[in-house]
Amino acid sequence: MKQVRKGVDFIMKVAENILWILLSIAVCCVVLQIFSRYVLGNSFTWTEQAARYLFIWMIMIGCPVMFHHKIFIAFDLIFMVLPKMVQFVIDIIIKVATMAFACYYFYWSLQLV
């Protein structure tokens with residue numbers, strides 16, 4: 001079990017590094033687009049599409065990383081005042097909904113590719 005945990009942690013670390021690289025490239029594309037549009041007066045055609053596809057890949061790679069680190073978009077203020085049993089049920093619902101979204105997104109991403 002410890003070997004599996006090490007393998008998953010390694011894969012998540014690689015995914016996080018890939019996410020940082022993709023984010024850096026996307027930021028460079030957007031900055032280049034802004035520079036070329038406002039300073040040069042003529043924008044590049046490929047930078048907007050490159051940034052869009054990089055953001056799509058960041059979402060596809062980021063979903064498993066977020067799930068691994070238990071980082072979900074949630075309203076903690078409301079969640080924390082609920083009873084523990086209700087928190088447990090809502091936590092399960094959030095995890096199932098996140099997995100369903102990730103599977104749905106993965107399926108349609110494969111169709112697109």
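Each residue in region 80-113 was checked for being open to solvent by less than 70 Å² (accessible area, probe 1.4 Å) and basic (Lys, Arg), and 1 pass. Residue pairs whose Cβ atoms lie under 9 Å apart, sitting 6 or more positions apart in sequence or on different chains, and linking a residue in region 94-105 that is closer than 10 Å to Phe67 by Cα to a partner that is open to solvent by less than 80 Å² (accessible area, probe 1.4 Å) and outside any helix (DSSP H, G or I), are Lys95/Phe72; Thr98/Phe72. Taking the condition modelled with pLDDT of 90 or more and either closer than 29 Å to Cys103 by Cβ or open to solvent by 100 Å² or more (accessible area, probe 1.4 Å) (or both), does Ala74 pass? So Ala74 fails the test.
Take the conditions (1) open to solvent by less than 100 Å² (accessible area, probe 1.4 Å); (2) under 24 Å from Tyr105 (Cα atoms); (3) modelled with pLDDT of 90 or more; Lys13 misses just one of them, which is (1).
The values are calculated or read from the model by the stated rules, or taken from the named source; none is laboratory data. It should be emphasised that the depicted structure is a prediction, and the values quoted were computed from it without experimental measurement. No Cβ is skipped: glycine too gets one built from the backbone with ideal geometry, and neighbour counts run over all protein chains shown. Note: accessible area is taken over every heavy atom of the protein model, side chains too, but ligands, DNA and RNA are not part of it. Shrake-Rupley method; radii C 1.70, N 1.55, O 1.52, S 1.80 Å.
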